[in-house]
Amino acid sequence: MSFSTFVTDKDGLQKLYEAIISKHETYAPVEKFGKYDYKKVSSLKECDPDSPIAMTMSVKPLFFPRASKIMKYEATSAGTSIHETGQDQLSGPRVILGVKHCDARGLQVLEAVNKWDYIDSDFLNRRANTVIFSKRCDKADTQCFCTSLDYDLENLDALDVAVVSGPGGKVYLQARTEKGENFLKENLGKESAAGSQQALDEMKKQYEAFAASFRLKMDYKDVNEKMSKRFDSTAYEEATRNCVSCNTCAFICPTCHCFKISDEKIKDTGVRYKSYDSCNNVYFTLEAGGHNPRPAKYRRWRQRSMHKFVYYKERFGVNLCVGCGHCAISCPVNISIFEVVNHVAAAPMEV
Ligand code: SF4
Ligand code: SF4
């Protein structure tokens, strides 16, 4: 099925965003302490759908929250009673503005594991009820490598509506899913004329200029293959020696999905939480008997890298990395997964 392309200008886009915010529950990047995080907004002035790539946190927490209450309970000598935590606040119809293409792809990648052996209906419902507006970047940031991975960034269908800059202040709006097509037709003003072949050509040129702006490039197939043959390489230890196991890289990542279940109980009343965790965490694989199969950080880093570039690809056919570069930007000791996996791939084979 082919979808429609519309053309407007910067004012038209602003008006469309304002109309969306006035009519729909809308989330968009909101600045706080110099970083942008997705929040529910009631006016365009509160947010910046064109927020800078490097300073914008992932949209993942709107689908997989950082910490959520999954159960409340009371445990007394008379027995234990369990209470629901209330309605899911993230499952209703909503629109998200300003999602980066790599971040939208992260949600698509995560769908595979969320409908695998356990069906996570919370994640899937949130995604089904969300319309994603995604502005295609005009220029790559220093740590971006999204064009080097296994997805068609130019025609990405992980988002519902692509917003693309054209020459002379033009802005193109292209539906990428049926949901996006219906949403645009219902919400566009009369000023938005249907796009033509010229529009498609100009969007292509924008993509080519964007793709030419990348500093980081890799051959992911080569990395997949070489990593699968270098499990015992000392290159992991060399590349990750400075890691302080803070887990920031996992918490910020659009595709990491490790979590822990913890209870907080005061007297007879308790709450059970599901919160982010990381395979970089020294306690992540610690067993009740005291044995830890990954006691050294290079082994934990190997697990993280192999999961992203070998195991997930083998099981679900896609890399568990979308090349957003946020882990490198946020790491307190400047470790980059791009450098780690390329260092391992370039290392000699262990004999
Ligand atoms: S953010 Fe850096 S220091 Fe922290 S766990 Fe990740 S690689 Fe290690
Ligand atoms: S591993 Fe790093 S570059 Fe890859 S998706 Fe996660 S945060 Fe982005």
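FYI, it's all coordinate maths here, none of it is from the lab. Being a predicted model, the structure only gives us computed values, none of them experimental. Here Cβ is always computed from backbone atoms with ideal geometry, including for glycine, and neighbour counts include all displayed protein chains.
Observations on the structure shown:
- Rh by Kirkwood over Cα pairs, then Stokes-Einstein D for region 216-351 at 1.306 mPa s and 10 °C, µm²/s: 99
- Inter-centroid distance (Cα atoms) of region 18-90 relative to region 199-238, Å: 32
- Here's how it looks for residue 71: its modeled amide H is under 5 Å from those of 272, which are all 5 or more places away or on a different chain.
- By the helix-only formula, in which each DSSP H run with n ≥ 4 contributes -39500 (n - 2.57) and the sum is divided by residues, the chain has a 222 nm mean residue ellipticity of -9000 deg cm²/dmol.
- Under 18 Å from residue 170, Cα to Cα: lysines that are on another chain or at least 8 residues apart: 10, 15, 135, 139, 190, 204, 205
- Full-extension gain in nm, residue 339 to residue 39, via 0.36 nm per residue minus C-alpha separation: 104.8 nm
- Looking at region 5-211, the pairs of alpha carbons with a distance over 22 Å make up 53% of the total.
- Each of residue 22 and residue 182 was given a label point 7 Å from its Cα along the Cα-to-Cβ line. The distance between the two points is 2.4 nm.
- Added length on full extension, which subtracts the Cα-Cα distance from 0.36 nm per residue, residue 71 to residue 207: 44.3 nm
- Region 220-346, relative contact order in percent, only Cα pairs under 8 angstrom and at least six apart counted: 35
- Calculated P(r) of region 140-240 - Cα pairs past 18 Å, %: 63
- Mean separation of Cα contacts under 8 Å (6+ apart) over length of the chain, as relative contact order %: 21
- Most to least packed among 101-107, 308-314 [average Cβ atoms within 10 Å]: 101-107, 308-314
- Volume per residue of the C-alpha convex hull in the chain, rounded to whole Å³: 167
- Those Cys residues of the chain for which no other cysteine Cβ falls under 4.7 Å: 47, 137, 144, 243, 246, 258, 279, 321, 331
- Straight-line cross-link reach from residue 221 at under 19 Å between alpha-carbon atoms covers these aspartates and glutamates, not counting any fewer than eight positions away in the same chain: 150, 152, 314, 339.
- Beta bridges per DSSP with both ends in the chain, % antiparallel, nearest 5: 80
- Averaging the sequence gap over all C-alpha pairs within less than 8 Å and six or more residues apart, then dividing by the number of residues, gives region 5-211 a relative contact order of 25 percent.
- By the rule of a C-alpha distance below 25 Å, with chain neighbours fewer than 8 residues away ignored, the lysines paired with residue 69 are 32, 39, 40, 60, 115, 260, 265, 267, 274.
- Between region 160-189 and region 295-311, the Cα center-to-center distance that results, in Å: 40
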